[in-house]
Amino acid sequence: MQITLPDGSIRAFDGPVTGADIAGSIGPGLLKAAVAIEVNGTEQDLSVVITADSSVKILTVRDEAGLDVMRHTLAAQVLARATRELYPGSKLAIGPTIKNGFYYDVEFDAPISTEDLPAIEKRMKDIIAEKNPITLRMLSREDAIALFTERNEPYKVDIIERTEGQDEFQIYFQDNTDFVDLCRGPHLANLGQAGAFKLTKVAGAYWRGDSKNKMLTRIYGTAFGDRKTLKKHLNALAEAEKRDHRVLGKQLGLIMFHDYAPGAPFFLPKGEILYHELSEAMRTLLLGKGGYQAVRTPQLFDAKLWKTSGHWDHYADNMFSFGDDEPQAEVSDSGIMGLKPMNCPCHMLVFGSQKRSYRELPLRICDQGVLHRNELRGALGGLTRVRQFCQDDAHLFVTEEQIESEVTDLLALVGTVYSAFDMEFKAKLSTRPEKKLGSDDLWDRAEAALQNALEANNLPFELKEGDGAFYGPKIDFDVVDAIGREWQCATIQLDYQLPARFDLKYVTADNELATPVVIHRAIFGSLERFIAILIEHYAGAFPTWMAPEQVRVLTVSEKSFSHGESVKQRLEAAGLRVHLDTRADKIGFKIREAHKDKIPWMAIVGEQEMENDSVALRLRTDLRGKGIPEKPSVDQFLELVQETAKRPF
RNA sequence: GCCGAGGUAGCUCAGUGGUAGAGCAGCUGAUUCGUAAUCAGCAGGUCGUCGGUUCAAGUCCGAUUCUCGGCUCCA
């Protein structure tokens, strides 16, 4: 029997072999490190017997797949056993792996909290120290159900009962113990191979993710092959925590929230500058040669609009509306008004307000209108999940032939904007879902147009089949921030349904009536959320063009006040945002504060600078090492700052 | 909306039924200083809100609200 290894070499065995046999034949070191084996592309336990010619790969924790096996074992064998032993009445549900770790859902008799984690962790370490071998056995459906019924594990029984087309189930026994688990596997051959881990948090989670079901307790953990990598990961988490936009937003005086307006951010003077700069930069990019026209549209509409658009049937739960519980209110024809959750219906009304010619297409309407969505209470958080926000929204009314070139332009626009923030991004193409409107022929053309546009821009993309909206396919973008996290921001969605619902028409070159296609698109996504991403991306140290305070002039002593005032005035005259710090404190103290406020340019003025009309620069960390002179003249300095204060798009 | 954890000075937090605290920030005064914290004094609170238990509640109980971690939702 022949076993092919990843390097192409072939090893012959006389009869059936296990993964462990193969690993051992290659070397004792590998046997020790081996955690599982991939046989013809399928991960299996080392103990599984291979009976036919196969190509295999021995997995160790160095492989992502091997690491996954280890995490899985930590969840299913170690964490599960520890909770069963520490909390005898607990019932195990499922324990899969996730990015960087694992979790296990457990039903406890009494709630547990983060404070209980160290004890569980301690028990887990003891369990690992036992280095018990794990043995796989296949049980028939009946035997498996009987086993878990007897062990009072209703969730395991439920899983088995719901699994169709399978007669045998994989049951893992931990030798020398009473512990048994139903699991897809594979698992480590013995627990001694478990690497470094840490339990991180507890949270609630519904059984099978359905809110009608019982709420279980989910215990999260993170795990890596060795202690060093775990520590690195924990450090990365700490770094992310330090950058948390809610913390920085408060520290830097950018935003606030109030109990009286849950889910609705206040932008304080400094935050408002960020907001304004972003909003204006986008608006300027789109208007004029960008080919867009901006509109401003109402907040509050008669429910008739939402009935036409379909929101009343599909989105009413997320809408703020009033009038329906106040019969005398007579607020409108239908007696019900709703705050807009999206701009699209408004733009349909704008398009439909006059006779349109094919010569007007593509008609591009942009709108940074305020939107309200009644998000669930528990879903609110910082600037990323809000009830009131603005999108850099636009709707393009196009003919079908124009889709491809419009989308091509949009993709270039996305690139322009993200590269201005030094952000990489990834595109995802979502195609027709099962429940969809429109013919297959229509979807074929629409999907092809999007794909062609992506290819024309040389953009690699991930295909997400079936993930499109029922009204059309879409391209979504994930941006990657400075510490490697991904955020979904931009979206480009084709819509064949909405213009039809509003009965929109334009006159074609042949003097006939046709319905336009609508492209919904946003690049930042929501301004609020994008600001949150930028705060974390830059760790609050914004590039000069959007920094709320671009320059702080620091006086060394009273003697240089007049020079400080003059520097400030000359910079302000050039439209820069400048503050002068004349407090009677030492220069070291003022510098420290300016650093904490993440001001890009700190200009120190003392008697020397006064004499030769210069400033002495102290640069924010990210501006150092760029050949910026330390003691420029005021004119030179002005030029330097102006250069970096230009909007990058 | 559901499960869990929280809410004490502007901020970060301590305070296990018996006189509400610290550091930073603030204010006042002194210091006029050259690249990440000058010194001293003062002031600052309905302990999220409402109700209950108790001789006595920041502390115990109930409700409510907001925040946080997840789940769910995201036409």
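The values are calculated or read from the model by the stated rules, or taken from the named source; none is laboratory data. This is a predicted model, so every value here is computed, not measured. When we count neighbours, we look across all protein chains shown, and the Cβ atoms used for this are built from the backbone with ideal geometry, even at glycine. The area values use the complete protein model at the heavy-atom level, side chains included, leaving out ligands, DNA and RNA. Shrake-Rupley method; radii C 1.70, N 1.55, O 1.52, S 1.80 Å.
Among A:V479, A:L504, A:A261, which residue has its Cα positioned farthest towards the positive end of the charge dipole of chain A, with +1 placed on the Cβ of Lys and Arg, -1 on the Cβ of Asp and Glu, and the dipole taken about the Cα centre?
Positive-end residue among those listed: A:A261.
Quick one: of the DSSP bridges fully inside chain A, what percent are antiparallel, nearest 5?
Of those bridges, close to 85 percent are antiparallel.
Could you tell me the largest-minus-smallest coordinate of the C-alpha atoms of chain A on each of the three principal axes, in descending order and whole angstroms?
86, 75, 60
Looking at segment A:2-57, send over the antiparallel percent of its DSSP beta bridges, to the nearest 5.
That works out to approximately 85 percent antiparallel.
From largest accessible area down, sort A:E447, A:E607; use a 1.4 Å probe on the protein chains. Don't skip to the end; give the middle numbers.
Details: A:E447 25, A:E607 100 Å².
Greatest to least solvent exposure: A:E607, A:E447.
Within 10 Å of each candidate Cβ there may be at most 10 other Cβ atoms; applying that plus a DSSP loop requirement, which GluC sites (Glu not before Pro) in segment A:608-643 survive? Please list the in-between numbers first.
Values: sites: A:E609, A:E611, A:E630, A:E639, A:E643; in loops: A:E630.
Sparse-neighbourhood loop GluC sites (Glu not before Pro): A:E630.
With only alpha-carbon atoms counted, please give the Rg and Dmax of segment A:427-527, in Å.
In order Rg, Dmax, the Cα atoms of segment A:427-527 give 15.4, 55 Å.
As an exercise, identify the trypsin sites (Lys or Arg not before Pro) in segment A:522-583 lying in DSSP coil whose Cβ has no more than 12 other Cβ atoms within 10 Å. Write out the running numbers ahead of the final one.
Working: sites: A:R529, A:R552, A:K559, A:K568, A:R570, A:R577, A:R583; in loops: A:R577, A:R583.
Answer by residue number: A:R583.
Roughly speaking, what is the stretch gain from A:D143 to A:R485, that is 0.36 nm per residue apart minus the C-alpha to C-alpha distance, in nm to one decimal?
On the way: separation 342, 0.36 × 342 = 123.12 nm, distance 4.54 nm.
Gain in length upon complete extension: 118.6 nm.
Report Rg(Cα)/(2.2 N^0.38 Å) for segment A:523-609, keeping two decimals. Each step should come with its number before you reach the end.
On the way: Rg = 15.2 Å, N = 87, 2.2 N^0.38 = 12.0 Å.
After normalising by residue count via 2.2 N^0.38 Å, the value is 1.26.
Local charge sum around A:S9 (other residues, Cβ-Cβ under 15 Å, Lys/Arg +1, Asp/Glu -1)?
Values: positive: A:R11, A:K57; negative: A:D7, A:D53.
With Lys, Arg at +1 and Asp, Glu at -1, the net is 0.
Would you please put A:335-347, A:67-79, A:412-424 in order of how densely packed they are, using the mean number of other Cβ atoms within 10 angstrom per residue and starting with the highest?
Numbers: A:335-347: 21.6, A:67-79: 26.2, A:412-424: 16.8.
The packing order, highest mean first, is A:67-79, A:335-347, A:412-424.
What's the ranking of A:58-65, A:134-141 by average number of surrounding C-beta atoms within 10 Å, highest first? Don't jump to the answer; show the numbers that get you there.
Values: A:58-65: 17.8, A:134-141: 15.8.
Top to bottom by mean Cβ count within 10 Å: A:58-65, A:134-141.
Using a 1.4 Å probe over the heavy atoms of the protein chains, calculate the carbon and sulfur portion of the accessible area of segment A:2-57 as a whole percent. Intermediate results must be reported in sequence, preceding the final value.
Numbers: 1550 of 2940 Å².
That share works out to 53 percent.
Which percent of Cα pairs goes in each bin when the distances of segment A:364-426 are cut into 5 angstrom slices starting at zero?
Over segment A:364-426, the share of Cα pairs per 5 Å bin runs 4, 13, 15, 16, 18, 18, 12, 4, 1 percent.
Could I get the Rg over Rh figure for segment A:2-57? Both from C-alpha atoms, Rh via Kirkwood, rounded to two places. Could you put the intermediate results ahead of the total?
Working: Rg = 10.0 Å, Rh = 11.0 Å.
When Rh is taken as the Kirkwood radius, the ratio is 0.91.
Could you give the length gained by full extension between A:Q608 and A:R570, i.e. 0.36 nm per residue of separation minus their alpha carbon distance, to one decimal place?
Working: separation 38, 0.36 × 38 = 13.68 nm, distance 1.86 nm.
Gain on stretching A:Q608 to A:R570: 11.8 nm.
For segment A:399-457, which whole percent of the accessible surface, found with a 1.4 angstrom probe, sits on carbon and sulfur atoms?
45
Nearest 5 percent is fine: what portion of the DSSP beta bridges confined to segment A:551-644 is antiparallel?
The answer is about 35 percent antiparallel.
What full-extension length gain, to one decimal in nm, is calculated for A:K304 and A:K646 as 0.36 nm per residue of separation minus the Cα-Cα distance?
Difference between extended and current length: 118.6 nm.
Listed highest first by mean packing, meaning other Cβ atoms within 10 Å per residue, what order do A:459-468, A:496-505 come in?
A:496-505, A:459-468
A:A394: net charge of surrounding residues, Cβ under 9 Å, Lys/Arg +1, Asp/Glu -1, itself excluded?
Working: positive: A:R364, A:R521; negative: A:D367, A:D392, A:D393.
Neighbour charge sum, excluding A:A394 itself: -1.
Just to compare against my own numbers: the Cα pair-distance distribution for segment A:211-263, 10 Å bins, whole % per bin, please.
The distribution over segment A:211-263 is 18, 24, 26, 28, 4, given as percents.
For a label point 7 angstrom out from the Cα of A:E401 toward its Cβ, which stretches of segment A:482-512 have the backbone nitrogen within less than 12 Å?
Label zone hits: A:508-510.
GluC sites (Glu not before Pro) within segment A:474-552: which are DSSP loop residues with at most 16 other Cβ atoms inside 10 Å?
On the way: sites: A:E486, A:E512, A:E528, A:E536, A:E549; in loops: A:E512, A:E549.
Within segment A:474-552, the qualifying GluC sites (Glu not before Pro) (loop, at most 16 other Cβ atoms within 10 Å) are A:E512.
Just grab the label-to-label distance for A:A264 and A:D53, each label 7 Å out from Cα along the Cβ direction, in nm (one decimal).
Each label point lies 7 Å from its Cα, and together they span 7.2 nm.
At 7 Å along the Cα-to-beta-carbon direction for both A:Q388 and A:Q636, put a label point, then send me their distance in nm to one decimal.
Placing both labels 7 Å along Cα→Cβ, they lie 4.9 nm apart.
Taking a probe of 1.4 Å, how large is the accessible area per residue of segment A:1-51, in Å²? Could the numbers behind the result be given before it?
On the way: 2690 Å² over 51 residues.
Counting only protein heavy atoms, the per-residue value for segment A:1-51 is 53 Å².
Can you tell me the convex hull volume per residue for segment A:267-379, based on C-alpha atoms, in Å³ to the nearest whole number? All intermediate terms of the calculation are to be shown ahead of the outcome.
Working: hull volume 17.4 nm³, N = 113.
Taking the convex hull of the Cα positions in segment A:267-379, it is 154 Å³ per residue.
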